[in-house]
Amino acid sequence: MPRVAYAPAGHFDSPPAPPPPVITSTGKHVYQNGVAKNYVGTPGQFTLSDTGPVTGYLYSFGSPVVGNPVPAGPDGTLTLAITPNNIAELDLYVQAVNGSSPPSQPALFAIETVARSNIATLGWWQLNSRHGTIATDSTRHEHPAALSKGQAYGCARSPAPDGDRCTMRLNGRGDAQTSPALLPIVSTRSAYSASVWVNLARCMTICVALSQEGTKVSMFALGYQAKCARGKHGCWVFMVRPADDPTTTLATATASAGRRAPFGKWVQLTGVFGATTATLTLYVNGVRKAQGTSWVAPPDTNGIVRLGAGFGGAHRWAGQLSNACVFFGSLQPADVTTLYKGEPAHPHNGCAAIFAKYP
C-alpha cells in the first residue's frame with residue numbers, strides 16, 4: 001500500500017477569529033451609541049477598528065451580518081458614511097475578519113435620532129447657482145446633485161415665484177442626480193414629503209421633475225403626464241411604487257393641469273406619503289388637489305435622488321426647476337401652505353421656511 005504524506009497539524013487551519021471590532025463615531029457630527037441627539041438626516045461617519053490583525057469587515061443594518069467583507073485600509077480601519085433617514089433606531093452590526101478567518105463576534109452601534117413633530121428636512125436643492133455643474137444641498141447634509149452634460153443654470157430678468165432669478169434649465173436630455181449612498185436620502189418605508197417648483201417647456205408623455213430611485217424603478221416621482229382622464233391639457237402627478245418591482249401596480253394621485261396647456265408657467269408640486277394610512281396626496285400651488293392609495297408602504301431601497309428625470313434617466317424634464325426639497329414625515333396642510341408661500345423670515349422661499357421649522 002502506498003504511503004500517504006500528511007501536512008503538519010494545523011497547516012491548513014484558518015487564522016483565529018479576531019476580537020469584536022470597535023465602532024467609533026468620527027467626523028463633523030458625533031453620534032453616541034444608543035443616545036438620540038442629532039436630527040434625522042444628519043450625516044454620520046463611523047470608523048471600524050480592531051485590536052487584532054484584520055483584513056476587512058462585514059457590516060449590515062440589522063442582524064445577522066451578511067455579504068462579503070469590505071477590505072480594511074493599511075491601518076486596519078474602515079470608515080462608513082451613514083445618514084439616518086428616519087426616526088427609528090438604526091442598528092449597525094459589524095464583524096471583523098482576518099484573511100480566511102471566521103468572522104468575529106458582532107459589535108453593535110445603535111444610531112438614534114430625533115425630529116421635531118416627527119418631521120425633518122432630508123435634502124434641499126435651491127438650484128439658484130449662477131454657474132457650475134453641482135446643485136448644492138442647502139441643508140449641509142452632504143447630498144450634492146451633479147448636472148449631466150448639456151444641462152446648466154440660467155438667470156432670467158424676472159425671478160421665479162420662489163424669489164430666485166437663477167434656476168436649473170433642462171433640455172430634456174439630462175438631469176441632476178445625487179451620488180449612491182449606504183442609505184437612500186428618503187426612507188420610503190416611512191412617511192415622507194417632496195416638493196419642487198416646475199416650469200415645463202414641453203412634454204409628449206410623462207415628464208418627471210423629482211424622483212428617487214430604487215434598484216429597478218423610481219420609488220416615488222413628481223411630474224406631469226400629457227394624457228390623462230382628469231385633464232384635457234394633461235395632469236400633474238405624484239407616483240409611488242409599492243415595491244422595487246416594475247410589475248407592481250403604480251399608485252398615482254393626479255390633478256388636472258388646467259384649462260390651458262401649462263407650458264411656460266411656474267407651478268409648485270408637493271407630494272405627501274402617509275405610511276400608516278398608505279395614502280399619497282398631491283398638492284398644486286399649496287392646495288390639495290388629489291389623493292391616492294398605495295396598497296403597501298414601499299420598502300427602503302438604496303437609490304439616488306434625480307432632479308429632472310425618473311429611473312435611469314427616463315421621462316426627462318424639459319424646462320426649468322427651482323427650490324426642490326424632501327422631508328422625513330408627512331407635512332401638514334399648513335406646512336404645505338408655508339412651503340408654497342414662505343413666511344416673514346423667509347419670504348418667497350418655502351423650503352427655507354420649513355427647514356427652519358424642521359431641521
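Remark: the range 204-218, residue by residue, has Karplus-estimated 3J(HN,Hα) of 9, 10, 10, 10, 9, 9, 8, 7, 10, 7, x, 8, 10, 9, 6 Hz, where x stands for each Gly or Pro and the curve is 6.51 cos²θ - 1.76 cosθ + 1.60 at θ = phi - 60°.
With a sphere of radius 10 Å drawn around the Cβ of Gly154, what net charge do the other residues whose Cβ falls strictly inside it have (Lys, Arg +1; Asp, Glu -1)? Walk me through the numbers on the way to the answer.
Values: positive: Arg130, Arg165, Arg169; negative: none.
Result for the local shell: +3.
Using a ≥ b ≥ c from the Cα gyration tensor of the range 1-143 (square roots of the eigenvalues), is it rounded, prolate or oblate, where a/c under 1.5 gives rounded and otherwise the larger of a/b and b/c decides, a/b for prolate? Write out the running numbers ahead of the final one.
On the way: a/c = 3.50, a/b = 2.36, b/c = 1.48.
Here the range 1-143 falls in the prolate category.
Of all the options Glu112, Glu89, Glu213, the one that moves most in a Gaussian network model of the chain with Cα springs shorter than 10 angstrom is Glu89.
Among 183-189, 353-359, how do they line up from the highest to the lowest mean number of other beta-carbon atoms within 10 Å?
On the way: 183-189: 22.0, 353-359: 19.0.
Result, highest mean Cβ count within 10 Å first: 183-189, 353-359.
If you take all C-alpha pairs in the range 142-205, what percent of them are over 16 Å apart? So the portion of pairs separated by more than 16 Å is 62 percent. With the simple spin-label model, which puts each label point 7 Å out from Cα in the Cβ direction, the Ala356 to Gln332 separation comes to 1.9 nm. Could you point to the residue in Ile304, Gly223, Ser211 farthest towards the positive end of the chain's charge dipole, with +1 and -1 charges on the Cβ of Lys/Arg and Asp/Glu respectively? Comparing the listed Cα positions along the dipole, Gly223 ranks first. Mean residue ellipticity, 222 nm, helices only, the chain: the sum of -39500 (n - 2.57) across DSSP H runs of n ≥ 4, divided by residue count and rounded to 500, is -1500 deg cm²/dmol.
So what's the net charge close to Arg316: Lys and Arg +1, Asp and Glu -1, counting the other residues with Cβ under 15 Å from its Cβ? Working shown, then result.
Working: positive: Lys149, Arg169, Arg173, Arg202, Arg306; negative: Asp175, Glu213.
That works out to +3.
What does the charge add up to near Ser190, with Lys and Arg as +1, Asp and Glu as -1, over the other residues with Cβ less than 14 Å from its Cβ? Write down the numbers at each step before the final one.
Working: positive: Arg189; negative: Glu89, Asp300.
Here the count lands on -1.
The distance from the alpha carbon centre of the range 272-318 to that of the range 187-217 is 6 Å, rounded to a whole number. Over 21 Å between C-alpha atoms is what I'm after, so list which of Lys149/Lys265; Lys149/Lys341; Lys216/Lys265; Lys232/Lys341; Lys37/Lys357 land there. In this structure, Lys149/Lys265; Lys149/Lys341; Lys216/Lys265; Lys232/Lys341 lie more than 21 Å apart at Cα. With coordinates expressed along the principal axes, the C-alpha atoms belonging to the chain extend over 94, 52, 42 Å, beginning with the largest. The smallest convex shape that holds all Cα atoms of the range 67-221, its convex hull, gives 179 Å³ per residue. The peptide list 232-244, 257-269, put in order of mean Cβ contacts within 10 Å with the highest first, becomes 232-244, 257-269.
Each value in this text was obtained by applying a stated rule to the coordinates, not by laboratory testing. Predicted, not measured: the structure shown is a model, and the values here were computed from it. Here Cβ is always computed from backbone atoms with ideal geometry, including for glycine, and neighbour counts include all displayed protein chains.
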